[in-house]
Each structure stands twice: as C-alpha cells, then as structure tokens.
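The values are calculated or read from the model by the stated rules, or taken from the named source; none is laboratory data. Remember, predicted model here, so these are calculated numbers, not experimental data. Cβ: placed from backbone, ideal geometry, glycine included. Neighbour counts: every protein chain shown.
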C-alpha cells in the first residue's frame, strides 16, 4: 500500500463529566466552562450566541483527527417525464452530477468547515473515485497525509439519483471485508504519529471494514495513555468491543441494538420513553462511555451520563430536506466543542443546531460558523 503524502495541545474541559478511570486526569479549563445549576430532566438547555462565538473562536486553534470508512457521495440529478417501456421505472434525463465527501470524510469536512484543523485517516482505492475524493478533501483544506491507497480495495461510492427533492435510487459500490492486518497496521502507523498533535479523535465506523478491532484497541490504549478525547458513532451490525470510549453517538435504532432490546412504541416525550431510557441505562452500564448522545431525528437528542438524569435537547430543524450525513455533523460538532472546553450540555446544543442546519440542505453537507451563530441567535 502507498500513502498520500503541527500547535499546542488543547485539552477538553471535562469538569463534571463522569470519566472512565483512565481518562480522569485530563486538565480542566474553567474559563471556558459554563456554570449553573445541576442538570435535571426538567431543565430547558440553552446556549447563548456569545458563548457559541467563544467556542467557535477557540475551535480555530483545535486539531481533530478523523479515522474510518471514507466514501464518495455522488449525486446525479435529472428530470422525469415518462416511465420506461422496458420496466415500470422512471426514465431520468440527466442534468448534472456532483461529488461530496461521505462517511468519515464528511465528519472531517464538517469539523473543517467549523474552523478547526482536521486530518483524515482511511483507505481509498487506486481508482478514479479515490483520486476524486483526495482532490475534494485537499481543496477543502483537510490534511490528507493519512490517506492510504489500496491496490486491493475500491473506493466506497454511494450514488444517489434524484429528481428535484425526490431520491429515486441509491447505488452502493463498496466492499465490507475487513482490512488485512498489514493494511490496518499501516493505517495505524499513520495515525499514531499524529496523536501527539491532536486535541480529539473521532472514529467514523460505517461497517465497511476499515475500523477493525485491532485498530480500535490500539487507538483506545493510546488515547487513554495520552488523556485524549475519543468519539465513535457505532454501527451495531459491526461487532466491536466499544467499552471505555469518551463518546458514543448512536441513533435510536442503534441504541436499542447496542442494548440488546426491541424498540417499542416511541413516546412523545423522550424523557418519558421507558424503553429508550432503559436502553440508554444499559449502554452506560455495559460500555461505560463518558457521554452517550442518542440522536432522535425529529425529537432532537438525549444526552446521557452515568449517575445523572438524562437531558432532552429539542430539535431546532425548521425544515428537513435531506438527512444524509446528519449524524456526521453531530459527532463532528459535538467533539469539536468538547475539545475546546464546552460542557457536555453546551456541546449537545451546539451539535443540535448544526444538525438542524444541515438537514435543510441538499446532500451530505456541512455548517459554517455564521450559519450556526445565526441559528442560535434566532432561538
């Protein structure tokens, strides 16, 4: 395999966070920490625009590493005027196409768009789509020195064919086979060399084979040794040992899968949803993340910590155009906020506003600091 071919360490403010033992010695920055009453189920969380501006200003000095399954999101749009005579399917007259970073690449793009420095680590194929993705990432200002070119794996591509706002078809070109040990070791070598210059690490696991247990174990040990924040968006279908991480961000379905429960009727109020609260409690006890943030689509988010009451963050989305990549925005923006001193509640509100903005855009998208400040100012 080939490889495509750095700021003082800013430590996250972890005061009032119940951390795994290995992470309890991280320095606290009281100047950036929000003070106030203890959290409770009835509290209505709020983030002021001035506080958001402080977080965004601090983000300019942060460096976040993102490792995982890199993808190309291809969007083909056209017009439909007739049904095919060959089969009962629409005929799309091609109008345009464009490419966006997907998967872990989209997480990195979201972090970069918020003003931080972002470095990507993953595998692309020696193919046209791999070259396309590398070019997009470089032009977006991301550090791509951690991209490893594989002779054996194709670049993952998700092609969406749309007519106006309606998605007609999605075609996936990918492999889900786990990286060979030598390939995983090469990727870890790229990543390990950069940990000393990082403020946080995000793992984007989309069950495409790049995030192996070997890679996760190596990263977890090094993160604990360095007192480094480590976030992961889990995919329960990909069986991995996920205990002892800083942040897990499953959606509702994934949370129930991680807990080994069957999802029942969704309650109007997540804080009165017995099944959801049970699932969150099981995950906290079994996997011991410092923070569990469950994304709930139109219901917003549920912020959970051990020995604290969960906090419901209501959605801020005014209209939903496309949910592609919203989870990437959540884990990227939450981790960045935590890395520069935000409290968990502040980081959750910050991420909730970011997600509310991107779902109103077409395709996998990212939010800008100006959009985020405007959203928070308009609450």
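What to note about this one:
- Region 305-319, subset under 20 Å from the mean Cα position of the chain (by Cα) and either assigned to a loop (DSSP other than H, G, I, E, B) or under 15 Å from residue 258 (Cα atoms) (or both), residue modelled with the lowest pLDDT: 317
- Flag if residue 284 is surrounded by 24 or more Cβ atoms within 10 Å (Cβ to Cβ), modelled with pLDDT of 95 or more and either in contact with a strand residue (DSSP E or B) (Cβ under 7 Å, 6 or more places away or on another chain) or assigned to a loop (DSSP other than H, G, I, E, B) (or both): no
- If you filter region 244-262 down to residues that are within 22 Å of residue 348 (Cβ to Cβ) and in a loop (DSSP other than H, G, I, E, B), you find that the one that is farthest from the chain's Cα centre (by Cα) is 244.
- When 215, 169, 133 are checked against the criterion of being farther than 22 Å from residue 59 by Cβ, buried (at least 18 other Cβ atoms within 10 Å of the Cβ) and modelled with pLDDT under 95, a single residue qualifies: 215.
- Residue 122 in contact with a helix residue (DSSP H, G or I) (Cβ under 7 Å, 6 or more places away or on another chain) and farther than 19 Å from residue 69 by Cβ: no
- Count - residues of region 350-379 that are in contact with a strand residue (DSSP E or B) (Cβ under 6 Å, 6 or more places away or on another chain) and either over 20 Å from residue 108 (Cβ atoms) or crowded, with 22+ Cβ neighbours inside 10 Å (or both): 2
- Top-ranked residue of region 195-209 - restricted to ones that are over 16 Å from residue 289 (Cβ atoms) and at pLDDT 95 or above, ranked as farthest from the chain's Cα centre (by Cα): 195
- In a residue-by-residue description of region 178-191, the property of being farther than 16 Å from residue 69 by Cα and in contact with a strand residue (DSSP E or B) (Cβ under 7 Å, 6 or more places away or on another chain) applies to no position.
- For region 263-272, taking the residues that are out of contact with any helix residue (DSSP H, G or I) (no Cβ under 7 Å at 6 or more places or on another chain) and part of a helix (DSSP H, G or I), the one that is surrounded by the most Cβ atoms within 10 Å (Cβ to Cβ) is identified as 271.
- Scanning region 329-348 for any residue that is at positive phi, buried (at least 21 other Cβ atoms within 10 Å of the Cβ), at pLDDT below 90 and not in a helix (DSSP H, G or I) turns up nothing.
- Residue tally, condition under 22 Å from the mean Cα position of the chain (by Cα) and under 15 Å from residue 216 (Cβ atoms), over region 164-190: 5
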